[in-house]
1. Would you grab the residues whose amide H sits under 5 Å from the one on Cys87? Only those 5+ places off in sequence or on another chain, please, with H modelled 1.01 Å from N.
2. Spelling out what I want: for every residue of the stretch 256-263, take phi, set θ = phi - 60°, compute 6.51 cos²θ - 1.76 cosθ + 1.60 (Karplus), and round to whole Hz; glycine and proline get x.
3. Could you work out how much longer the chain between Leu90 and Leu268 gets when fully extended? Use 0.36 nm per residue separation minus the Cα distance between them, nm to one decimal.
4. In debye, nearest 20: dipole of the stretch 123-270 around its Cα centre with unit charges on the Cβ of K, R (+) and D, E (-)?
5. For the pairs Lys149/Lys239; Lys59/Lys239; Lys120/Lys149, flag any whose C-alpha to C-alpha distance is greater than 31 Å.
6. Across the Cα atoms of the stretch 186-316, what radius of gyration and what greatest pairwise Cα-Cα distance (Dmax) are found, in Å?
7. Enumerate the calculated ³J(HN,Hα) couplings along the stretch 282-291 in order (Karplus 6.51 cos²θ - 1.76 cosθ + 1.60, θ = phi - 60°), each rounded to whole Hz, writing x wherever the residue is Gly or Pro.
Amino acid sequence: MRKAMVLFASLFASVAWASSSAEGEESVAGYILHHVSDADELEIEVPLSHDHIKLHLPKILIPLSEGACAPRMTDHGPVTPSLLGGCVDLSITKHTVFMWLAAFLLITFVLIWSNRDKTKLVPRGTGANLFEMLILFVRDELAIKNIGKEEGPRYVPFLLTAFFFILFMNLLGLFPWMASATGNLAVTCGLAICTFVVTQAAGIRAAGFGGYLAHLTGGVHPALWFIMIPVEFLGLFTKPFALTVRLFANMLAGHIVIFFLLGLIFILQHPAVALISVPFAFGIYLLELFVAFVQAYVFTMLSALFIGMGVAMGHHGHGDDHGHGHAETGPSHDHGRAHHV
């Protein structure tokens, strides 16, 4: 349903952009794309005016060869320096700033709400109790149930970091003049790569390097290895790819739908449209508040499932403990369940 709404919004906005007046009025599609895309500046819109306060962010280019980062002009226009051209771009962008802000706020709230007084078993305050409830939920319902009682607590710090970091980035995008860093494919890809590294490390730790490589054969006859090994190898990368696209698409879709609903006022050019579009946009906004928690949960749950599948490699290598070891820790059950997600 969300994909259909986004497709409809994009199509309608494209038609509106094509039929925009020649007076240079900014199109709705252009405004939406400008808002959700990354930029090298922070832009603060002044309410009830056309003024914008722009804060230009530092541009950092590191040339790997002489003149690699110099701007070049071609017949098709200016060419942006790229890594393939020998230029490393470490410039600070809008999404980078809000990613750092989310990390700063996360560390601040952890220091404020953490129960550092070990003499008090129960934390005091609404924030501290809410924080503890979420931590116990991630530990008991995600880590232990999907990875196992023995190995699950080992990966709780990573899962907690991923959950709260994604949650804070998602929530920042719901405030005026701010942006959601998880609406950037590079950010979600970086998070997925972290899960990928932890998953492979969990599999190697549980089964050993030899058992990890043997798992890539799928347990089939050696005559079928030339088919199974490429399939299993590609399967290692489909999981982080799914994490990347799922989080990126869901967070980006909500912002596009909200702006499109508000943009209907300018597309239809009648103030009465606001009586319908504004309440609908507010409803989607409340839905996005819920989605911010859901997407943080989904990313963390899938990460726990993938780590549990890696841990299960070690149990597959023990014939005697195949039945009993899984009953105690649980990775075997969740390994099968993960294939249906």
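The numbers here are math on the coordinates, done by the rules we state, and not lab data. This is a predicted model, so every value here is computed, not measured. Glycine gets a Cβ as well: all are built from the backbone with ideal geometry, and neighbour counts include every protein chain shown.
1. Distant-sequence amide H within range of Cys87: Leu64, Ser82.
2. Values, residue by residue: 5, 5, 4, 5, 5, 4, 5, x Hz.
3. Length difference between fully extended and current span is 59.9 nm.
4. 80
5. Lys59/Lys239
6. 21.9, 70
7. 5, x, 5, 4, 5, 5, 5, 4, 6, 5
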